[in-house]
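Before any comments, here is the structure.
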Amino acid sequence: MLVCLFTDFGAADIYVGQVKAVLHEYAPQAAVLDLTHSAPAFNVLASAHLLAALTDRVPARCAVLAVVDPGVGGERAPVIVRADDRWIIGPDNGLISVLAARAKAIEVFPITWRPAQLSASFHGRDLFAPFAGMLASGALDTAQLEAKAGLDVDFGAADLPEIIYVDHYGNAMSGLRATGIGRDARFALNGRPLAYAHVFSAVPRGTAFWYENSLGLVEFAANGTSAAEQLDIRIGSAVMTYA
């Protein structure tokens, strides 16, 4: 089984390697794919919308290990969720809730298993990675899991009119799905109205615009330069409709 990783651990830090080492220990034959390790740090709401968009593009019958967990070691529960034909392992803090709310069918199972050693601050390595590894290797009998009624924290299926991710080009992705939005629509960021363009080259160099990105979300960009710098936007910036 393929294991996809979605975290805010940072690819340049020490944490991702430790998680992958544990996955290899529990599921040496499993393929591991990095969705991102630059999810919005501390921002569970934005990360939940990014996770939903990315998970929609991963193969069926895979496991997604999702960790943006500022409350690690606290009262939030660890869960494994079956959303349609994918498994998602992570904290029940809202991170999994958007993709779960948009799924046609879901089942939620508390993770009651605990390893012999569990650090207070690194459940991604010590709890979620072993559980994902056992699932990927077939060592976990999912038929023995006991379901609960639903997630404790649920953000719902609605879109988020905020910036949820800014890439290294300075393109700013929103939590708005572009399906059903007319191409004559205009959005405003920090009071700056932006019209639609199909691609970067459709506007003069330096011009900012909105378009439907490859994940089907409304994204803000500028031809040949950073839209984030030009528009002074960051994760959490509000996206307004412009009449």
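A few points about this structure:
- For the stretch 173-188, the Karplus equation 6.51 cos²θ - 1.76 cosθ + 1.60, evaluated at θ = phi - 60°, returns couplings of 8, 9, x, 9, 7, 7, 4, x, 8, x, 6, 8, 5, 10, 10, 10 Hz by residue, with Gly and Pro reported as x.
- Using the Karplus relation 6.51 cos²θ - 1.76 cosθ + 1.60 with θ = phi - 60°, the per-residue 3J(HN,Hα) values for the stretch 220-237 come to 10, 8, 9, 5, x, 8, 7, 5, 4, 6, 5, 9, 6, 10, 8, 4, x, 4 Hz, with x marking Gly and Pro.
- Stokes-Einstein D (µm²/s) once Rh is taken as the Kirkwood radius of the chain over alpha-carbon pairs, at 37 °C in 0.692 mPa s: 175
- With both labels modelled 7 Å from their Cα along Cα-to-Cβ, the K104 to Q144 distance reads 3.1 nm.
- FRET efficiency for W113 and H198, using Cβ-Cβ distance with R0 set to 45 Å, rounded to 0.05: 0.35
- Phi angles of the stretch 143-159 translate, via the Karplus equation with coefficients 6.51, -1.76, 1.60 and θ = phi - 60°, into HN-Hα couplings of 5, 8, 6, 9, 6, 10, 5, x, 6, 6, 10, 10, 7, x, 8, 5, 5 Hz per residue; Gly and Pro are given as x.
- Modelled spin labels at K20 and R61, positioned 7 Å past Cα toward Cβ, are 2.6 nm from each other.
- Net length gained if the chain between A188 and A120 were fully extended (0.36 nm per residue, minus Cα distance): 20.2 nm
- Residue order, fewest to most beta carbons within 10 Å, for H37, H49: H37, H49
- Cα gyration tensor shape of the stretch 1-110, rounded if a/c is under 1.5, else prolate or oblate by comparing a/b with b/c: rounded
- Summarising the overall dimensions of the stretch 117-243 from its C-alpha atoms, the Rg and Dmax are 20.3, 59 angstrom.
- Beta-bridge orientation, the chain: approximately 70 percent antiparallel, per DSSP, counting only bridges with both partners inside.
- Distance from the C-alpha centroid of the stretch 197-218 to that of the stretch 66-117: 34 Å, rounded to the whole angstrom.
- Projected-area mean, the stretch 148-221, by convex hull of Cα positions, square nanometres: 6.7
- Dipole magnitude for the stretch 160-241: computed about the Cα centre from +1 point charges on Lys and Arg Cβ and -1 point charges on Asp and Glu Cβ, it is near 140 debye.
Coordinate-derived values only; no laboratory data. No experiment lies behind these values; they were computed from the predicted model shown. Every residue, glycine as well, gets a Cβ built from its backbone with ideal geometry; the counts of neighbours run over all protein chains shown.
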